[in-house]
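A short write-up of the structure that comes next.
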């Protein structure tokens with residue numbers, strides 16, 4: 001990982017979706033799906049799926065700001081999920097699927113607030129994305145079977161119906177930010 005890397009945490013519904021989108025973005029060097037924002041230590045997928053732990057499914061990523069800026073990551077995040085729906089993304093319903101950004105610095109907090117103000121000014125609705133100080137919460141890595149879920153299960157019906165359109169939107173809307181195909 002580059003010496004310059006910065007941390008970002010995004011909760012945009014199912015972490016399989018958010019991870020798949022950001023895995024394709026240049027400058028993103030590491031991604032870990034997991035859980036954040038709840039009361040239970042060492043949460044499991046089964047526990048957070050009850051909706052009773054307070055956690056959100058999220059990704060923690062490390063990015064190189066010399067390759068991509070945080071504001072660009074925010075633009076991708078907001079374009080590839082629905083920041084106007086409270087506690088749901090499509091058919092995924094519950095507080096664990098809420099839209100939230102756990103900012104890791106005051107600069108990220110300011111950029112996040114500006115991005116939300118910009119979206120609200122567009123008149124498409126009120127953004128419900130939570131703005132949360134990451135230093136107040138522990139990020140708990142998800143179980144290993146959730147890592148690279150989309151890459152490991154591209155033909156699974158959920159992947160084809162829900163994740164693939166988000167990746168396609170990234171490809172069409174943000175081609176300059178895509179990693180080179182190896």
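What to note about this one:
- As a calculated quantity, the FRET efficiency between residue 64 and residue 143 at R0 = 30 Å, using C-beta atoms, amounts to about 0.65.
- Contour minus Cα-Cα distance for residue 178 and residue 153 (0.36 nm per residue): 6.9 nm
- Packing-based ranking, highest mean first, of 34-42, 153-161, 133-141 given that Cβ atoms within 10 Å are counted: 34-42, 133-141, 153-161
- A helix-only calculation puts the chain at -8000 deg cm²/dmol for mean residue ellipticity at 222 nm, using -39500 (n - 2.57) for each DSSP H run of at least four residues, averaged over all residues.
- The average projected area of region 63-121, computed from the convex hull of its Cα atoms over all directions, is 4.6 nm².
- The chain: most fluctuating residue of 85, 106, 71 per GNM, C-alpha cutoff 10 Å: 106
- Listed peptides 10-17, 21-28 appear in the order 10-17, 21-28 once ranked by packing, highest mean of other Cβ atoms within 10 Å at the front.
Just so you know, all these numbers are worked out from the coordinates, no wet-lab data involved. Being a predicted model, the structure only gives us computed values, none of them experimental. Backbone-built Cβ (ideal geometry, glycine too); neighbour counts: all protein chains shown.
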